[in-house]
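Trainee: Below you'll find the structure I mean.
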């Protein structure tokens, strides 16, 4: 589902001989951000499919030149990966059943609701994204081997082992830890290793939306109940049916929304704002917080019953500074993640670059590391990430951690720091002395110390 902007690299073709119906479907899909083209019959649609790549074919059953069933057969035989939605008249259900047997994704009967059609397309879009992401996650994390290669530290290996053990469970999960430690990444891993992995994974940050907007995102609303919206809005709890909803910064959720969410979870029913019929809900809930929810309960800011609902299994994710073994595999993961956007040929990191990253304290945790790697890709001109492509603050001030062999004396610490500053500026003694606020002679004396 493209919640913002266009659905990049996702193309739809609509084969419909009724001009008015085709125009309405095209306009509705374009308003949702999809790239879509139309064809007046099955033969024209097949000609377009032969020339361009499409993700979805929406086709009427009855058309001149070539029927929707014939078009479906040719598409399924020759073009892998195209999902087909069949449009059929109310009296032609047998044709729809035949189409499903031949590989159609689903059918919809005339006269149909455009919102229903859009929802089915969004489900296809979400499933395709999840499939691609699932393959990528397995490649990056080595999930096909059972244990994630990204989790080298003992604490993260324990978390990954627990994720492996609950993969066949539908238990709700609470992820706790400092900002930026990778809670959202773990939420995706939990979803992609679960039995719901082929279904939607939708997320919302509870800290960035007003109460009204958050209610709209979670529960949706009926047309006219919100003055700025003149059509029905589907909520995430409705769209993610049979999938997963991730609530980031759940401690920031307004109390009224908490109460409404708790009722939905207990009853298995979601109701849109403004009325409408109750809708059965089947979602798995993952939540993340950087606050102590028990303290929030004591302060009257979080509902205790909701805490026990979301806390089926709790993971305490340690900060990156406490699991330095994960820095290198995470760096490689983020390099692979962002490299395709750059069109550059970067094969890895220079040893000095990894050493700098390994000795940095990462106050912004995993999120900061990802930003650093993304920036380094943009700046790097060679085939390996060099120290010069890393932030200057890391190159100059990485000495803030203790030597692993023990605590150094002041003289040892001063010499080590001066040497690292000198290396960071390419052995330019004048520049190093200037950064250290001393003369070149004093720098020479410091470096000569035994």
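Read-outs: derived from the displayed coordinates by stated rules, not from any lab. Here the structure is a predicted model, which means the values were calculated and not measured. We place every Cβ from the backbone using ideal geometry, glycine too, and count neighbours over all the protein chains shown.
Trainee: Once you have a ≥ b ≥ c as the square roots of the Cα gyration tensor eigenvalues for region 274-397, tell me rounded if a/c is under 1.5, and otherwise prolate or oblate according to whether a/b is larger than b/c.
Mentor: Numbers: a/c = 3.31, a/b = 1.97, b/c = 1.68.
It comes out prolate by the Cα gyration axes.
Trainee: Taking Cα pairs under 8 Å and at least six residues apart, what relative contact order does region 11-124 come out at, in percent?
Mentor: 23 percent
Trainee: Cα centroids of region 278-347 and region 10-53: how far apart, whole angstrom?
Mentor: Value for the Cα centre distance between the two parts: 39 Å.
Trainee: Right, something else. Which length gain, in nm to one decimal place, applies between residue 428 and residue 108 when the Cα-Cα distance is subtracted from 0.36 nm times their residue separation?
Mentor: 108.1 nm
Trainee: Still on this structure, I have one more. State, as an integer percentage, the relative contact order of region 273-390 based on alpha-carbon contacts under 8 Å between residues 6 or more apart.
Mentor: Once divided by the residue count of region 273-390, the mean separation gives 24 percent.
Trainee: Now a separate question. Quick one: 360, 79, fewest Cβ neighbours within 10 Å first, how do they rank? Please list the in-between numbers first.
Mentor: Details: 360 24, 79 15.
Starting with the residue having the fewest Cβ neighbours, the order is 79, 360.
Trainee: Per the Kirkwood treatment, what hydrodynamic radius in Å, one decimal, follows for region 23-105 from the mean inverse distance over all distinct Cα pairs?
Mentor: It works out to 13.1 Å.
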